[in-house]
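> Just passing along the structure, written as structure tokens.
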Amino acid sequence: MLNSFCLSSLYLQDGTCYKGWSFFDFNMSFGEIVFNTGITGYQEIMTDPSYTGQIVVFTYPEIGNTGLNYEDNESNFIHIKGLIAKNISFFSSSWRSDISLKEYIKINNIPHIFGIDTRALTKYLRLMGVMNGVIFSNSINNQFNYNFLSVNKKTLDHLDVVSKVTTKKIYHINNNSINTSLNTHLALKTNYKLGSNFTILVIDFGIKFNILRRLLLLGCKIVVVPATCNYENILLYKPDGLLLSNGPGNPALVAYSMNTVRKLVYSSNIPIFGICMGHQILNLALGVQTFKLKFGHRGLNHPSGLNNYSEITSQNHGFALDSNSLFESNLSKILTINHFNLNDFTVASVLHKNKPVFSVQYHPEASPGPHDADYLFKAFIQLIHFVKSKH
């Protein structure tokens, strides 16, 4: 059976090598090697713009069992630079499956390697920290040169990846724009009239479709704008609320959006909800600093909470807020930490004390994934109602 596969290799930035297999020959694919601990969700991961520039290690020992469908993509493109797995199921078993993962990888020419010890690789990345790497087919790249890694040590930390994935034009969405018929488990908990006639303006740093689905299920009208959209143009749409989306890369490099967000916080009274990258950019705009985590938070079971309260959350980020920068300045007078990540006590949620502004480092829209934080979308709409009632 293995004779029908191609020999492939993974080289990490420090020269560590892993040997495995692939379904076809492919040229080198270079990226930041990160790991995700989710048992499922590989379709969402591959199409999530937040993974732009990254090669993803799936820690669960076998992926592909449930196949893929045409409804669960998080964007219109595949954003990962490569896929690393222990085993890839050749067959899928699900009533929703339209194509197997094996065929999906082949049709879309996704760089990949399987058959390696992903447990050992993940433990190594936890010990050493995430790093750059390259995967390739041995038959095409049999003259691999270690110098390639030294030349390509420029990491995502120094690249403005948001500018590559943000929408290039402004667009509107109504309730017929995205198929929500399969989200019945969410729809049953949702009040379609809660956000009726509210216009939510979304600043796109690398938006996931499911964030838009959640707003649509609440009855909102949506305007999506590029990350470069300025304060004046945003106000032209007279939004009832602003949502700052998720996205990839280093938030500190998105200064053009920070200036806009800062002005929106202090010069308007529009409720703002930040998710993941949006959370980081919002807090950077307010003066909090960020730092890169050793190996990031990427999975479906991260506990977040405060005191005796905890939610199980879906997370996907390599940067976090520096809590010291908040406590060592006057920012603690206007911002309060609402949740911590209970694994490492990094900041997971922030609430402004004087403005209708809040943000979370996790993904309340995650699907599949825990729905403990799904209430935040309703809280956002209720905040809009409250602000409007004061006018």
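> For the pair Lys333/Thr37, report the inter-label distance in nm, with labels modelled 7 Å from Cα in the Cβ direction.
Taking the two extended label points, one gets 3.9 nm.
> Here is a follow-up. On a C-alpha basis, how far is the centre of the stretch 1-76 from the centre of the stretch 306-376 in Å? Whole number, if you could?
The two parts, judged by their Cα centres, are 29 Å apart.
> Further question on the same structure: Rounded if a/c is under 1.5, else prolate if a/b is larger than b/c, else oblate: which is the stretch 162-389, with a ≥ b ≥ c the root eigenvalues of its Cα gyration tensor?
rounded
> Points 7 angstrom from Cα along the Cβ direction at Asn142 and Ala255: gap in nanometres?
Between Asn142 and Ala255, the label points sit 5.0 nm apart.
> Once each part is reduced to its C-alpha centroid, what is the distance from the stretch 267-301 to the stretch 199-251 in angstrom?
15 Å
> If you take the charge dipole of the stretch 312-391 about its Cα centre, with +1 on Lys and Arg Cβ and -1 on Asp and Glu Cβ, which of His391, Asn324, His352 is farthest toward its positive end?
Of His391, Asn324, His352, it is His391.
> Return the FRET efficiency for the residue pair Ser196, Lys123: r is the Cβ-Cβ distance, R0 is 35 Å, and the value is rounded to the nearest 0.05.
My answer for the efficiency is 0.10.
> Going through the cross-link list Lys238/Lys263; Lys102/Lys164; Lys169/Lys193, which pairs have a Cα-Cα distance over 18 Å in this structure?
Distance filter (> 18 Å) returns Lys102/Lys164; Lys169/Lys193.
> Project the alpha carbons of the stretch 2-154 onto their principal axes and report the range along each, largest first, in whole Å.
47, 33, 27
> If you keep only loop residues by DSSP, which GluC sites (Glu not before Pro) in the stretch 307-391 have at most 16 other Cβ atoms within 10 Å of their Cβ?
Passing sites in the stretch 307-391 are Glu328.
> Could I have the simple spin-label model distance between Phe291 and Asn87, label points 7 Å from Cα toward Cβ, reported in nm to one decimal?
4.1 nm
> Give the residues of the stretch 13-44 whose amide nitrogen is closer than 18 Å to a point set 7 Å from the Cα of Asp72 in the direction of its Cβ.
Once the point is set 7 Å along Cα→Cβ of Asp72, 36-44 turn out to lie under 18 Å by backbone N, inside the stretch 13-44.
> Give me the mean projected area, in nm² to one decimal, of the convex hull enclosing the Cα positions of the chain.
19.5 nm²
Coordinate-derived values only; no laboratory data. Quantities reported herein were computed from a predicted structural model and do not represent experimental measurements. Neighbour counts are summed over all protein chains in view; Cβ atoms, including those assigned to glycine, are modelled from backbone coordinates with ideal geometry.
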